[in-house]
Amino acid sequence: MAEPAFQSLPGFRDFIPRECAVRNYLFETWRTVARRCGYSEYETPILEDTGLYLKKSGGELSAQLFRFEDQGGRDVTLRPEVTASLARIVAQHQRDFSKPLKWFEIGQCFRYEKPQKGRGREFYQFNVDILGEAGPAADAELIALAIETMLAFGFVAGDFVVRVSDRKAWLDFAVRHGIAEDSIPEFLGIIDKLERENPATLATKLDGFGLTLDSVRGFIANPANASSAYQAILDDLTARGFAAFVALDLSIVRGLAYYTGVVFEVFDAKKSMRAVAGGGRYDTLVATLSNGATDLPATGFAMGDYVIRNLIEETTHTAMQMEVWLQRNAATCDVFVVVADESQRPAALRLVTDLRRAGIAADLPLTPAKVAKQFQSAERSRARFALVVGAEYPALKLKILASRAEESGHADSAVAWLSERLQQPDGPLIA
RNA sequence: GUGGUCGUAGCUCAGCGGUAGAGCCCCGGAUUGUGAUUCCGGAUGUCGCGGGUUCGAAUCCCGUCGUCCACCCCA
């Protein structure tokens, strides 16, 4: 049998330079916004005790774990999300910090799912959390950061909307309609599917709770049912000038079991209303994971790299902004040294070293090549100048690649010469 | 987990029962130290893998692995 060529595992990506650059654009934007808003970066291990995820994440997630036994017989899991790890370390270290904690992490997560558009088995998540503040001001601050992030990518009003809801409103609803406390998760599951499942099965399921589709829809449609927290959040965000980005939507309850209050999702306003980020309040998770040792209210959200990248690339103005960044941050070469006479290669090597040490990006061909070819290499390196080291060394020729103009100089003053030359514009193009 | 789609050169794909093709890319060359265009020349594939049908399979059938897409769920 033929040896099959190795390839990456299903749902896993190779980041060739262009992909890596795109990823860095996302990371840098996330980091910049988070720092600007006063969040500190932290990091947790990507491999954790499986129990961490079985304890409170709930639902589908536990069926999608990259889970295995290590050589020491431990039951371990590649993290499917970072909130559980965060709750763990916060429970352990929170005394060292004044409240509220505003923390963020950019990390890779793993879920054993079937890959498709906007989803792989591995993805990066921008995770932002505020811990130790139970009031709506924290939720508003967090949503503000979500909005700032979208704006930083170049999205504008009309491109996206943050749909905000509150599980508390549904808990009140459940109490009023006599729904037992232990069947509330099931009830919320039905609400979560309101927009996707067909009305007949919905009606059947709701009938089990003595409810009708109309009564539920009526509850969602009535703004008066918004919680007081929602109103406070809306006022807060309005004061920040973000009212245009926020909308009440009680049909949002979110899948994860640990949410306890305000929940929200950032939606793409054009394309089928995909959620590009989501989050909410999880006031009991820290206590649960620390077995009650630490009790901290918390609110957080996550944005994945797949979905936000798709949205950026599908939106003309955000795609252009990213291209500009990629151009600006591409590998650059200020000066490409052309070795026109191989016997002068030692001098060229010395020159390259001097230039580099002076902070000038310099490159040269590693093997002998014809001058014409070296100029092609210079073009491809997108260098601004080609510095020709030839038989006449220490006399040097500097060619401005864009204008094809040429000037002369001397090796002894090359660094100063090039430094000064790099400060100046090239002048009119001589074609 | 369910359903569909597609796997042929590095890339995009054509060929759909009779000895593997095109374009792009790449490499070399066109008066010995200058980039473009053009021209000339060249390389490369176990036709995803395994079985079956057939005188003969890239082509038909089955399986398998992988891709992409939708559902489920979610970032």
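The values are calculated or read from the model by the stated rules, or taken from the named source; none is laboratory data. Keep in mind that what you see is a predicted model, and the values were worked out from it rather than measured. Here Cβ is always computed from backbone atoms with ideal geometry, including for glycine, and neighbour counts include all displayed protein chains.
Could you look through segment A:418-431, keep only residues that are more than 20 Å from residue A:346 (Cα to Cα) and surrounded by 14 or more Cβ atoms within 10 Å (Cβ to Cβ), and pick out the one that is modelled with the lowest pLDDT? Residue satisfying both the conditions and the ranking: A:426.
Of the residues in segment A:362-379, at least one is assigned to a loop (DSSP other than H, G, I, E, B), near RNA strand B (Cβ under 9 Å from one of its atoms) and not aromatic (Phe, Trp, Tyr). Among residues of segment A:248-287 being modelled with pLDDT of 90 or more and charged (D, E, K, R), the one that is farthest from residue A:220 (Cα to Cα) is A:283.
Specify which of the listed residues (A:139, A:129) is in contact with a Ser or Thr (Cβ under 9 Å, 6 or more places away or on another chain), assigned to a helix (DSSP H, G or I) and under 23 Å from residue A:229 (Cα atoms).
A:139
Summed over segment A:385-406, residues that are modelled with pLDDT of 90 or more, touching a strand residue (DSSP E or B) at 6+ places or on another chain (Cβ under 7 Å) and either of a type in the set (D, E, K, R) or part of a loop (DSSP other than H, G, I, E, B) (or both) total 3. With respect to residue A:348, is the statement that it is farther than 28 Å from residue A:327 by Cβ and either over 40 Å from the mean Cα position of the chain (by Cα) or at pLDDT below 90 (or both) true? In short, yes.
Against the condition loosely packed, with under 12 Cβ neighbours inside 10 Å and either among the aromatic types (Phe, Trp, Tyr) or within 16 Å of RNA strand B (Cβ to nearest atom) (or both), how does residue A:84 come out, does it pass? No; evaluated as a whole, the condition is false for this residue.
Among the residues of segment A:178-214, write down those that are closer than 20 Å to residue A:261 by Cβ and either touching a Lys or Arg at 6+ places or on another chain (Cβ under 6 Å) or of a type in the set (A, V, I, L, M, F, W, C) (or both).
If the condition is that a residue be closer than 20 Å to residue A:261 by Cβ and either touching a Lys or Arg at 6+ places or on another chain (Cβ under 6 Å) or of a type in the set (A, V, I, L, M, F, W, C) (or both), then A:179, A:184, A:187, A:188, A:190, A:191, A:194 are the ones that fit.
Among helices (runs of 4 or more DSSP H) entirely within segment A:147-232, having at least 2 residues that are surrounded by fewer than 19 Cβ atoms within 10 Å (Cβ to Cβ) and acidic (Asp, Glu) singles out A:184-192.
Taking into account only those residues within segment A:346-361 that are in a helix (DSSP H, G or I) and touching a helix residue (DSSP H, G or I) at 6+ places or on another chain (Cβ under 9 Å), which is nearest to RNA strand B (Cβ to nearest atom)? Before you say what the answer is, go through the steps one by one.
Let us first name the residues in segment A:346-361 that are in a helix (DSSP H, G or I), namely A:346-357.
Checking the rest, the ones that are also touching a helix residue (DSSP H, G or I) at 6+ places or on another chain (Cβ under 9 Å) come to A:347, A:350-351, A:354-355, A:357.
Numbers: A:347: 12, A:350: 17, A:351: 14, A:354: 19, A:355: 18, A:357: 24 Å.
Step by step, filter segment A:346-361, then rank; the result is A:347.
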